[in-house]
Amino acid sequence: MTKYKSVLVISDLHIPYHHRDAFKFLTALKNKYKPDLVVNIGDELDQHAISMHDHNPDLMSAGDELKSSRVYVKELEKIFPKMILVHSNHSSLVFRRALKYGLPKEYLRSYNEYLNVGKGWQWVDDLRITLSDNSRCFFTHGLAADVLRVAQQYGMNTVQGHYHTKFSIGYYSNPDALIWGMQVGSLINQKSLAFEYAKNFKTRFIVGCGMIIEGQPKLMPMVLKDGGDWIGKIV
Ligand SMILES: [Fe+2]
């Protein structure tokens, strides 16, 4: 059984509406921490144009959004040729749309096919792995606002995305174990029209991701300068 020592957790890129420096930031993390596993816990694509909500007419059509997304996905695949991706509400929109209109899965193309990515990218419903300290870890896109509640339900360390404004680590312990839950934020360009719904929120999306090193969770904030560019280094 593989025991992972250095795990990079990416969430909520919402390609093509991701932060313009997100890939540079992820490349810097890869070079610094040399992860032996990369997990993308969902919303790697925004799929705004085929979402169940109103579509902004000033954004790309569904066809153009897919074309643009493929270019970025190719770039990401070059950085991370091997990645496990967890199903999520945005990325599964094609399948959710098909279900709504009664189309069997057999008619549809897989993620790998429609995104033109190789077999190194593998989509799963959720993921459980063993870490190098022998503890177990559960990855899900987002099951409940309180990640520690999910950790308690599953009885193991848990990592979530989905809640773009949450970037935290919490712990609970019992006589036998110390268990943690981590929320890894997002890698979104919040100024994109695709996120206009959040324009007047008091809270802002938090840009960053997570790592697990020797069984312990670490938050990796992507620190921005005034104007929104990444400062260019991991802090
Ligand atoms: Fe998201």
Exercise. So which trypsin sites (Lys or Arg not before Pro) in the range 197-229 end up in coil per DSSP with only 13 or fewer other C-beta atoms within 10 Å?
Worked result: 199, 202, 204, 225
Exercise. How big is the gap, in Å, between the Cα center of the range 192-235 and the Cα center of the range 14-60?
Worked result: 12 Å
Problem set entry | Which listed pairs, of 191/233; 78/218; 30/202; 166/199; 67/191; 24/67, have C-alpha distances above 28 Å, in listed order | 30/202
Exercise. Rounded to the nearest whole Å², what accessible area per residue is found for the range 141-234 with the 1.4 Å probe?
Worked result: 50 Å²
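I want the antiparallel fraction of DSSP beta bridges within the chain, as a percent rounded to 5.
Numbers: 23 of 44 bridges.
Here the share of antiparallel DSSP bridges comes out near 50 percent.
Using the Cα centre of the chain as the reference point, and only Cβ charges (+1 on K/R, -1 on D/E), how large is the resulting charge dipole? Debye, rounded to the nearest 20.
Values: 29 positive and 23 negative charges, 84 e Å.
It works out to roughly 400 debye.
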Problem set entry | Positive-pole candidate from 135, 186, 91, dipole of the chain, charges at beta carbon | 135
Seminar exercise, completed: Note: probe point = Cα of residue 62 + 7 Å toward Cβ; backbone nitrogen < 19 Å; residues of the range 161-205 passing the test are 194
Seminar exercise, completed: Computed over the chain: longest principal axis from alpha-carbon atoms vs helix 62-79 long axis, angle to nearest 10 degrees, is 40 degrees
Problem set entry | For the chain, with +1 on Lys and Arg beta carbons and -1 on Asp and Glu, the positive-most of 219, 205, 111 along the dipole | 219
Seminar exercise, completed: For the range 58-215, the accessible surface attributable to carbon and sulfur atoms (probe 1.4 angstrom, ligands and nucleic acids excluded) amounts in percent to 52 percent
Seminar exercise, completed: Measuring from the longest principal axis of the C-alpha atoms of the chain, the long axis of helix 22-33 (C-alpha) lies at a number of degrees, nearest 10, equal to 20 degrees
Exercise. In percent, how large is the relative contact order of the range 1-146, given Cα pairs closer than 8 Å and 6 or more residues apart?
Worked result: 28 percent
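Provide 141, 53 ordered by accessible surface of protein heavy atoms (probe 1.4 Å), highest first.
On the way: 141 15, 53 140 Å².
Largest to smallest exposure gives the sequence 53, 141.
What are the chymotrypsin sites (Phe, Trp or Tyr not before Pro) within the range 80-168 that DSSP puts in a loop, where the Cβ has at most 13 other Cβ atoms within 10 Å? Each step should come with its number before you reach the end.
Numbers: sites: 95, 101, 107, 111, 114, 121, 123, 138, 139, 154, 163, 167; in loops: 101, 163.
Here the sparse-neighbourhood loop sites are 101.
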For this session: Sticking with the crude label model, points 7 Å out along Cα→Cβ, report the distance from residue 103 to residue 34 in nm, one decimal please.
Result: 4.5 nm
Exercise. What would the Debye formula give as log10 I(q)/I(0) at q = 0.13, 0.16 Å⁻¹ for the alpha-carbon point model of the chain, no solvent?
Worked result: -0.78, -1.18
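The values are calculated or read from the model by the stated rules, or taken from the named source; none is laboratory data. The model shown is predicted, which means the values in this text are computed figures rather than measured ones. In this analysis, Cβ positions are derived from the backbone assuming ideal geometry, glycine residues included, and neighbour counts consider all displayed protein chains. Accessible surface is based on the protein model in full, side chains and every heavy atom, while ligands, DNA and RNA are left aside. Shrake-Rupley method; radii C 1.70, N 1.55, O 1.52, S 1.80 Å.
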